[in-house]
1. So residue B:9 clears everything in (1) assigned to a helix (DSSP H, G or I); (2) more than 12 Å from chain A (Cβ to nearest Cβ); (3) under 26 Å from residue A:109 (Cα atoms) except one condition, right? Which one?
2. For the stretch B:12-31, give me each residue that is away from ligand 2 (no atom under 16 Å from the Cβ), assigned to a loop (DSSP other than H, G, I, E, B) and within 24 Å of residue A:20 (Cβ to Cβ).
3. Scan (1) under 17 Å from residue B:18 (Cβ atoms); (2) assigned to a strand (DSSP E or B) for the single condition residue B:48 breaks and write down its number.
4. Might you check whether a residue that is within 16 Å of ligand 1 (Cβ to nearest atom) and in contact with a strand residue (DSSP E or B) (Cβ under 6 Å, 6 or more places away or on another chain) occurs anywhere in the stretch A:24-41?
5. Which one of the conditions (1) surrounded by 15 or more Cβ atoms within 10 Å (Cβ to Cβ); (2) more than 9 Å from every other protein chain (Cβ to nearest Cβ) does residue A:83 fail to meet, given that it meets all the rest?
6. Determine, yes or no, whether residue B:57 is under 11 Å from the mean Cα position of the chain (by Cα), crowded, with 24+ Cβ neighbours inside 10 Å and closer than 18 Å to residue A:39 by Cα.
7. Return the residues of the stretch B:56-74 that are without any contact (Cβ under 8 Å) to a residue 24 or more places away in the chain and farther than 17 Å from residue A:24 by Cα; say none if nothing qualifies.
8. Go through the stretch A:91-141 residue by residue and tally those that are part of a loop (DSSP other than H, G, I, E, B) and away from chain B (no Cβ under 13 Å).
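Since every read-out is calculated from the coordinates, none of them should be taken as a lab result. All figures in this text were calculated on a predicted structure; none of them were measured in a lab. Here the Cβ positions follow ideal geometry from the backbone for every residue, glycine too, while neighbour counts run over all protein chains shown.
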Ligand SMILES: Nc1ncnc2c1ncn2[C@@H]1O[C@H](COP(=O)(O)OP(=O)(O)OP(=O)(O)O)[C@@H](O)[C@H]1O
Ligand SMILES: [Mg+2]
């Protein structure tokens with residue numbers, strides 16, 4: 001199953017709609033709650049990032065029988081040094097992002113913790129693509 | 001700890017999810033920073049926070065958090081309350097500060113969720 005979302009930039013109130021929808025679908029598929037939580041947290045962190053650091057973008061979530069693959073693509077400012085950005089505590093978040101409870105520099109590290117595979121591609125001035133893969137039945141593989 | 005007990009201890013008002021009070025939580029976690037909540041919460045907790053942004057509800061939704069106590073007498077907007085009701089999330093408000101509210105619950109036997117990993121060694 002493929003789900004597509006257009007995420008608007010600057011929408012600090014409604015950010016997270018896509019993650020919420022994907023979570024609902026996964027619940028209907030009766031996937032283990034702990035696995036759903038891994039996907040939800042990683043995707044939500046990435047969705048919030050594309051709203052607070054870029055100006056929105058597009059999300060494609062692919063739900064396969066044994067894994068979920070989420071691609072989040074934005075055309076924002078990009079990340080100069082991904083290794084540095086991954087470090088817990090590194091953040092360039094704006095005041096507005098901090099007012100909504102974000103901007104501690106924890107998101108990328110948290111995505112890495114919860115995703116089975118995390119891929120980040122970024123070009124300064126062009127944008128960022130984050131890909132999250134989570135296995136639905138990790139004990140079998 | 002049962003939610004009615006939390007309500008009594010904190011002298012709290014239930015402003016969303018009134019029909020979902022008959023449940024228990026295993027731990028407590030207090031934080032105004034949703035980044036931290038997302039990074040550290042793994043269990044069935046009550047979240048105590050002074051933040052009243054709608055993203056508090058989204059954060060709770062992603063982590064399957066069923067109950068939120070808003071401290072310092074802050075009043076959330078109707079959008080936040082509506083979002084909580086739609087997700088069967090219980091919202092209570094208390095006049096106590098984050099420190100006092102946490103202390104009262106702790107004194108009555110609710111322990112905190114321990115930090116399971118050290119962010120800085122990551
Ligand atoms: N989509 C993106 N576009 C541009 N820069 C980004 C993007 N995602 C992350 N970054 C950069 O990487 C940094 C670290 O991101 P990370 O998610 O770890 O922390 P944060 O978003 O600043 O805070 P938190 O996630 O804890 O709320 C950001 O502050 C920002 O500089
Ligand atoms: Mg982030």
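1. Of everything listed in (1) assigned to a helix (DSSP H, G or I); (2) more than 12 Å from chain A (Cβ to nearest Cβ); (3) under 26 Å from residue A:109 (Cα atoms), residue B:9 misses just condition (3).
2. We begin by selecting, within the stretch B:12-31, every residue away from ligand 2 (no atom under 16 Å from the Cβ); these are B:12-30.
Now drop any that are not assigned to a loop (DSSP other than H, G, I, E, B), which leaves B:12, B:17, B:21-23, B:25-26.
Scanning the stretch B:12-31 gives B:17, B:21, B:23, B:25.
3. Failing condition for residue B:48: (1).
4. So far as the stretch A:24-41 goes, no, none of its residues is within 16 Å of ligand 1 (Cβ to nearest atom) and in contact with a strand residue (DSSP E or B) (Cβ under 6 Å, 6 or more places away or on another chain).
5. With respect to (1) surrounded by 15 or more Cβ atoms within 10 Å (Cβ to Cβ); (2) more than 9 Å from every other protein chain (Cβ to nearest Cβ), residue A:83 is out only on (1).
6. Values: under 11 Å from the mean Cα position of the chain (by Cα): yes; crowded, with 24+ Cβ neighbours inside 10 Å: yes; closer than 18 Å to residue A:39 by Cα: yes.
So residue B:57 fits the description; yes.
7. B:73
8. So the count comes out to 10.
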